[in-house]
Structure formats: C-alpha cells, structure tokens
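Structure first, then comments.
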Amino acid sequence: MTRKRVAILISGGGSNMAALIRDMAIDHPGEPCLVLSNSPKAEGLKRAADMGIPTAVVDHRTFGKDRQAFDTAMQKVLENARPDLICLAGFMRILTDPFVTFWQGRMINIHPSILPLFPGLETHRRCLEAGMSVHGCTVHHVTPTLDSGPILGQAVVPVAPDDSPETLAARVLNVEHRLYPAVLRRVLNGDSRPVAILDQDQPTSSRPEKK
Ligand code: GRF
C-alpha cells in the first residue's frame, strides 16, 4: 500500500513533530514529506533535519500583516510537497479562511486543553484559575473557527494541588506525545473512532497528602 504523505507545520521546539516522525518510522500508513516552519529560529527545524526529513521556512515576518500573502507562500511550498494530510504541531499562526477551507478535512491540529474548554492561548494558566481537577489535550480537524473543528481524540491528565502552569504544561505535553501519534495512525487508516486516553498514572505531586 502507498503510504500517505504527511506535512508537519511547526513554530517552536517541535516535540510533537518529533513524536509523530518517530511513530511514522515503524510500520505506519504515513510518511513525513515535509516539516514547514513560519520561523527560521524554530528549534524543531534542526530536529527534523537530524531525523532526515526535508524542511522549509516561510517566515511570516517578511509578509508584515498580510496573512493572505503568507498563506499563499505556504500554499506554494505545500503544493510542491504534495501532502495528503497536514499536521499542525505547535504552529502558532492563525490561518486565513481560504487556506483552511482548501485543506479542510486534510488538516489536523493538537491543542493543549480538553476542547471545547479553553480554546486559544494560555490554556494551562486558565485551567488552574478555573479550579479544574483535570486538564488535557485535543486533536481536532482544523476549520475556520479557531480550535473548534470535529474532535478526533482527547487525553486527560489530573491537575495537582501544587501545579504551576509550567508543571501542568509538562504533564500535558507528555500525553500530547502519545495522543497525536495515536490519532494520526487512526486517521490514516481510515478509522473514524476517536482516541481517548485517561492518564491517571503520571505523578501529580511530590507533597505528602494532608491528613
Ligand atoms: C504544545 O503544547 C502544543 O499543543 C501547543 O504548543 C506546544 C508545542 O510544543 N500548541 P512542541 O513544539 O510540539 O514541542
């Protein structure tokens, strides 16, 4: 069977990207065809190159406020790479409606919250401020409304009493690295069942319980 071509869009460290690429190395319906970043400084670019994956940069800063021109430039690079599916993995730019509509059904994203709770930024701080006892992440189809497309999988982790946004983010990121590859496999296999991970095993606190 021909493997499906997967492009991964990043802006930063690329740990989710690396988790996807690692998983695609073993008996997988997909293969990475491109890692594309909107920033030449994204650490994930070197990581991808070290893993033998072609990389490209479309620097959003050269387009000023013109989101359309940026998306058109990305579209050109993507059309050369001919992906069957695009994975947004820590990609921090808002995409224009025509770009999203063109790829709709073929573009997925990971978001660090249990959507529809906490769309947008600073999800870990907002989760703590809301007094939640669980948090997590969601992989969903990308649609023109931010962080709102059909859900393909979710993972849930506990919130610890002494969590900071940073400790909580680290716990969520850990489970992102399990969720995203699991969803990608299912999507490329044409399996429409959502993935659900309930991760109760991760350590939540070093403090002894108060009696
Ligand atoms: C992840 O938490 C992702 O969900 C969010 O940004 C972070 C990116 O991490 N959108 P990485 O670049 O995959 O390491």
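Out of all the residues in segment 4-22, which are farther than 17 Å from M107 by Cα and either out of contact with any Gly (no Cβ under 9 Å at 6 or more places or on another chain) or among the β-branched types (V, I, T) (or both)?
A19, R22
Would you check if there is a residue in segment 174-183 being surrounded by fewer than 18 Cβ atoms within 10 Å (Cβ to Cβ), within 12 Å of the ligand (Cβ to nearest atom) and in a helix (DSSP H, G or I)?
Yes, segment 174-183 has at least one match.
What residue, among those in segment 113-132 that are under 18 Å from A196 (Cα atoms) and over 13 Å from the mean Cα position of the chain (by Cα), is surrounded by the most Cβ atoms within 10 Å (Cβ to Cβ)?
Our first condition is that a residue be under 18 Å from A196 (Cα atoms); within segment 113-132, this holds for 113-117.
Among the residues that remain, those that are also over 13 Å from the mean Cα position of the chain (by Cα) are: 114-117.
Numbers: I114: 21, L115: 19, P116: 11, L117: 15.
By that ranking, first place goes to I114.
Tell me, which helices (runs of 4 or more DSSP H) wholly within segment 8-84 include 2 or more residues that are away from the ligand (no atom under 16 Å from the Cβ) and under 22 Å from L184 (Cα atoms)?
On the way: elements: 15-24, 43-50, 67-81.
Hits in segment 8-84: 67-81.
Would you mind listing the strands (runs of 3 or more DSSP E) fully within segment 105-160 where at least 3 residues are within 12 Å of the ligand (Cβ to nearest atom)? Break it down stepwise before answering.
Numbers: elements: 107-111, 134-141, 151-158.
Here the list reads 107-111, 134-141.
For R93, indicate whether it is farther than 20 Å from S37 by Cα, within 16 Å of the ligand (Cβ to nearest atom) and not in a strand (DSSP E or B). Talk me through it step by step, then tell me what you get.
Values: farther than 20 Å from S37 by Cα: no; within 16 Å of the ligand (Cβ to nearest atom): yes; not in a strand (DSSP E or B): yes.
No, not satisfied.
So how many residues does segment 133-157 have that are of a type in the set (S, T, N, Q) and either surrounded by 17 or more Cβ atoms within 10 Å (Cβ to Cβ) or closer than 15 Å to F91 by Cα (or both)? Don't jump to the end; show me each part of the working.
So in segment 133-157, the residues of a type in the set (S, T, N, Q) come out as 133, 138, 143, 145, 148, 154.
Going one step further and asking which of them are either surrounded by 17 or more Cβ atoms within 10 Å (Cβ to Cβ) or closer than 15 Å to F91 by Cα (or both), we end up with 138, 143, 154.
Total meeting the criteria: 3.
Laboratory data are not the source of any read-out in this text; all were calculated from the coordinates shown. These figures come from a predicted structure and were not determined experimentally. Because the Cβ atoms are built from the backbone with ideal geometry, glycine has one as well, and the counts that use them run over all protein chains shown.
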